[in-house]
Amino acid sequence: MTNVDLHCHSTVSDGLLAPRELVRRAAANGVEMLALTDHDHLGGLAEARDEADALGIRFVNGVEVSVSWGGLTIHVVGLGVDAANIDLAQGLAAVRQGRDLRALRMADSLAASGIRGAYEGALRYVGNPALVSRSHFARWLVEKRYARNVANVFEHYLLRGKPGYVEHQWCALEEAVDWIHSAGGVAVVAHPGRYRMSGDERDRLFAAFKTLRGDAVEVVAGAHDHAAVREYARVARKYGFAASRASDFHGAGESAVDVGRAAPLPPDLEPVWERLAA
Ligand code: AMP
Ligand code: MN
Ligand code: MN
Ligand code: MN
C-alpha cells in the first residue's frame, strides 16, 4: 500500500466536498486507502464507503475528536471505528452539543468588534447543522472581505486572543481514547505540529497519550514541514507509536495539501494502516 490518506473532511463537518465527491477526488489522485475523518461526526461514512466500494479503493471509518487537554485544544483521530458503537456515538453527541452555543458566543464577540451578522453568515456555509465550526465563520469573513483568505482570517479573528475566539470545553483526552477503543478503533494524535506547545508540554501530552494506550501519531500531516515530520518521527520511535499519513484536506484552494498528496512516511516507522483490519 503506497498511497494512503487517513485524514480528510467532507461537508458533514467543515470540508467543501460531499463525502461521495471527496472519495472521487481521492481516487483520481491515486489514493488506495482512505479514511474520512469529519470533526465529531460519523454521518458521512456510509456514503463515502459506498463510493469507495464502487471505485475499488479501500475505505476506513474515521472521526476527528475535539479534546481539551492542559488548556489546549487537541484533535484525536479514531481510525477503523465501528460506526454503530454506542459509546462512541454518545460521546460524539456530547462533544457536539456545545457547538451551536459556542457559535452564538463567537458571533457576539465579533459583534462587539463591529462585525455583525456572523452567526447567520456562517450558517450559510454549514453543511450539517450539528456541526458549526470556525471554518464556516472563516469562509463568511472572507466573503465579507475581512481578510484575503481563510488562513488570514484565523490569524486575525479566530485564534485565541482574537475577537472571534471564545474558550470552549471539549471532551477529555481519556474519553476520546476510550470511545475510540470501545468502538474497536485506533487512536491517533492529529497534526501535533499545529499545537502551540512547549517541548515540555509536548512530552507530557505524548506520555499521557501512551499511558492511556494511545496508538499512533500523525507524523506526516498537511500542516507539517520537514522539521515537524522529523520531530514527530522521533516521538513515534521514542514511545513506540505507529505513524499516520494525513493530508487533512478540506477543499481545493483552502488546503495546502490535496487528498493523497502528503509526503511519504519515513521508512523505518510502523504505518498505522498495518494495524487496521482488512
Ligand atoms: P473548530 O473545531 O470549530 O474549532 O474548527 C477547527 C477547524 O478550523 C480546523 O479543523 C481547521 O479546519 C480550521 N482551522 C483551525 N486553525 C486554522 C488556521 N490557522 N488556518 C486555517 N484553518 C484553521
Ligand atoms: Mn477542520
Ligand atoms: Mn484538526
Ligand atoms: Mn482535520
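Some notes on this structure:
- Some residue of segment 82-98 being within 29 Å of residue 203 (Cβ to Cβ), crowded, with 17+ Cβ neighbours inside 10 Å and of a type in the set (D, E, K, R): no
- Looking only at residues in segment 144-155 that are touching a helix residue (DSSP H, G or I) at 6+ places or on another chain (Cβ under 9 Å) and farther than 22 Å from residue 197 by Cβ, the one that is surrounded by the most Cβ atoms within 10 Å (Cβ to Cβ) is 153.
- Scanning segment 204-231 for residues that are assigned to a strand (DSSP E or B) and in contact with a Lys or Arg (Cβ under 9 Å, 6 or more places away or on another chain) returns 216, 218, 219, 220, 221.
- Residue count, segment 159-209 (criterion: surrounded by 15 or more Cβ atoms within 10 Å (Cβ to Cβ), of a type in the set (Lys, Arg) and more than 16 Å from ligand 1 (Cβ to nearest atom)): 1
- For segment 232-240, the criterion of being of a type outside the set (Val, Ile, Thr), touching a helix residue (DSSP H, G or I) at 6+ places or on another chain (Cβ under 9 Å), assigned to a loop (DSSP other than H, G, I, E, B) and not assigned by TED's automatic domain parsing to the domain that holds residue 64 is met by at least one residue.
- Residue identified as over 14 Å from residue 180 (Cβ atoms), in contact with a Pro (Cβ under 7 Å, 6 or more places away or on another chain) and not charged (D, E, K, R) among 36, 72, 55: 36
- The residue that is farthest from ligand 2 (Cβ to nearest atom), among those in segment 108-143 that are exposed (fewer than 13 other Cβ atoms within 10 Å of the Cβ) and of a type in the set (Lys, Arg), is 116.
- Qualifying residue in segment 4-11 (condition: at negative phi and either at pLDDT below 95 or of a type in the set (Asp, Glu) (or both)): yes
- Candidates 62, 70, filtered to the one that is in contact (Cβ under 8 Å) with a residue 40 or more places away in the chain and either more than 16 Å from ligand 2 (Cβ to nearest atom) or surrounded by fewer than 17 Cβ atoms within 10 Å (Cβ to Cβ) (or both): 70
- Consider segment 1-16 and keep the residues that are away from ligand 2 (no atom under 13 Å from the Cβ) and of a type in the set (A, V, I, L, M, F, W, C). The one that is surrounded by the fewest Cβ atoms within 10 Å (Cβ to Cβ) is 1.
The values are calculated or read from the model by the stated rules, or taken from the named source; none is laboratory data. Note that the coordinates shown come from a computational prediction; the quantities given were computed from them, not determined experimentally. Positions of Cβ are backbone-derived with ideal geometry, glycine not excepted, and every protein chain shown enters the neighbour counts.
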